Structures are given as structure tokens and as C-alpha cells.
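Down below is the structure, laid out as C-alpha cells.
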Amino acid sequence: MANIRWGYAINQWRVNETDLVTKEQRESALKVLSVSGFRAVEIGDNAIGGPEIVTAYFGSVHGLKDFLNSCGMDRVCSYFGNLGGGSATNPGDHVRLSEAAKRLAGFLAELGGSCLVVRPLGSYWREAPITQEKLRIVADCWNRVGRTTKSEGIQTALHIDFLCGVRKESDLDELVKVSDAATVGLALDTAELAIAGIDPVKFYEKNYARVKHFHFKDAVLADTLDEYKEPNADVQLLNGGGKRQIDRWFYEMGTPGGLVNFPALVKAMNQHNYDGWVVAESDQSPHAEESVMLNGWYVRQVLSKL
């Protein structure tokens, strides 16, 4: 049987610059996660932060662990970061990215986490055209990073979003092919793939051996107009809603009309004996606490019974 462990990404509370910066705000958010059934948290550059931020706010890694425990949380499960800048498409940045990953991996290992989640390259409108040579350079970067984090006991997992330079299925297939299966995994984000027009269940069935991490959230619309190709797509689509003025791209699990078949995906994960974290998310939620509770209910009442 699969060994699915549930965590939650705290990033959804970080909507404005003044959110999630005080101890009281963080304590409130973490306690909502705990009472909703989630005992592990995914942190990142914009939510809790890396070693320097943690030292400034909590004094040390042990200070953060004590704070998490006081809020009913057991551990940090994963970290979503950008490795401090640089581009995987530039060979001159690879050493610097690897060194940044090593620092983050050591930090994450101290917290009891297991997975460093990274975006493989920038947004499509910045990175196009996507060529086989460019994908080989990107793979070389993450192969190096993956070896580095593995030496610290941390898995590197590439997170594909619907704005990412690698978001067409053919490009994804090529990146999987040319990257090192021993050190570079995939972080499958259900909503991001669905918005990109890729069925998350079929994608998992094809790549289950490489999937080392999950982000579970739903979507009700796909980017059928290919607006990801347009200049400033990040701002235009995520913040402005694009040509269709979409208020919100991401939704809670079990949302009526959702594109993601979560029961089918969990059944496939069970069949392939998935052993790792599933991190629930609800980016863009107008009511963070309500979203966590809805996701917690869905996990307990639907997915955990499969």
C-alpha cells in the first residue's frame, strides 16, 4: 500500500507584504492547519522563509521547530524555493544554484523535511523558444543540484506550473528523459497541469516512478487561449485574470466542476505504492482558513477512505 503523508503549504496566507510576518499571524495560520488535520507544513521563500529569515525571527532552526510544535504541527515536510536567483538555462549560474541548494537542503534536513521543490526554469514568455539544447542545459543544472541535495538526504523535485517554460507535454517528456532519474524527481501539481491542458492522472500514470512530491489543488478552467505565451503573462493571468478576467485560477479539492479527478489519482498512487508527501494548497483563496478546513474535510471524508 502507498504511504501517503499529508501536509499543507502555508503560502496561501501570504497575499500581501504585511501578511504572515508577525508571530501572531504565523501562529494563527499554523493552528488552523493543525485543527484541520494537517500536521506538517511546506514553507518557502515567501512563507516562513529560509535559514536567514528563520534565524532572524526564531533564533535558530530549533526555535522554529519549537514554535511549530507549540502550534500543533509536527514538522516541516518540504521547501519551495528559487535558490536565490540565477537561471538553469545559463550554464554560468549552475554552480551558484547548486551551492544555494546545498544550503537550503542542509536547513531542510535539520527541520526534518525531505523534499526541495523548485521551478525548473522561468516563465514561457521569458524563456521561449524551448529547444532540445535548452532542455539539455536545464537538465544539466538540476542533475547537479539533485546530486548536491541528495548528499544532504534531500530529494530535488521539479515543479511544473502552467506559466512555466516547460509546460507542453512534449517538452516535459524530453526534460524527464534527459534528466537523471536517480537524483531529479517531479513535483506534480494537479491544478497547474490541468490549467495547462494536461490530465494529472494520465501524467502520473506515465511518470509515476519520477514523481516524488505532490501539490493537491483544483482548477475549474484551463488556459485554452494559450495566454501563457504573451508578454508579462505572470501578472496578466495570475493577477489580472487574462482576457477572460478570471477571478481565481485555483480552488479547493472537491470544488463542483473541478478539472482534477482526485479519487482516481489517489487510487493510482495506491496502486504504484507512492511513498511521500502530498501537500494541499489553495493559492488565491479569498478566505484562507475556510479553504484549509474544506481541504481537510475532503482528505478525511473522501481521499483517506479510498
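The values are calculated or read from the model by the stated rules, or taken from the named source; none is laboratory data. All values reported here derive from a predicted model rather than from experimental measurement. Backbone-built Cβ (ideal geometry, glycine too); neighbour counts: all protein chains shown.
Against the conditions (1) at pLDDT 95 or above; (2) within 27 Å of Thr149 (Cβ to Cβ); (3) under 17 Å from the mean Cα position of the chain (by Cα), Ala268 satisfies every one except (3). For segment 75-89, the criterion of being in a helix (DSSP H, G or I), at pLDDT 90 or above, farther than 22 Å from Leu188 by Cβ and of a type in the set (S, T, N, Q) is satisfied by no residue at all. Filtered by the rule that a residue be of a type outside the set (Lys, Arg), out of contact with any Cys (no Cβ under 8 Å at 6 or more places or on another chain) and crowded, with 22+ Cβ neighbours inside 10 Å, segment 204-217 gives Tyr204, Phe214, His215, Phe216. Which members of segment 165-192 meet the condition of being surrounded by 23 or more Cβ atoms within 10 Å (Cβ to Cβ) and in contact with a Ser or Thr (Cβ under 8 Å, 6 or more places away or on another chain)? Passing the criteria: Gly165, Val184, Gly185.
Residues that are farther than 22 Å from Ala100 by Cβ and among the polar types (S, T, N, Q) do occur in segment 129-138.
Residue check: Glu99 meets all listed conditions (1) surrounded by fewer than 22 Cβ atoms within 10 Å (Cβ to Cβ); (2) more than 19 Å from Thr149 (Cα to Cα) but one, namely (2).
Go through segment 16-36 and report how many residues are outside any helix (DSSP H, G or I) and surrounded by 15 or more Cβ atoms within 10 Å (Cβ to Cβ). Number satisfying all stated conditions: 3. Among the residues of segment 14-25, those that are out of contact with any strand residue (DSSP E or B) (no Cβ under 7 Å at 6 or more places or on another chain) and either small (Gly, Ala, Ser) or within 23 Å of Gly59 (Cα to Cα) (or both) comprise Glu17, Thr18, Asp19, Val21, Thr22, Lys23, Glu24, Gln25. Scanning segment 271-303 for residues that are loosely packed, with under 14 Cβ neighbours inside 10 Å, part of a helix (DSSP H, G or I) and within 21 Å of the chain's Cα centre (by Cα) turns up just one, Glu290.
Among the residues of segment 79-94, some residue qualifies, meaning at least one is crowded, with 23+ Cβ neighbours inside 10 Å, over 12 Å from Trp142 (Cα atoms) and touching a residue at least 40 places away in the same chain (Cβ under 8 Å).
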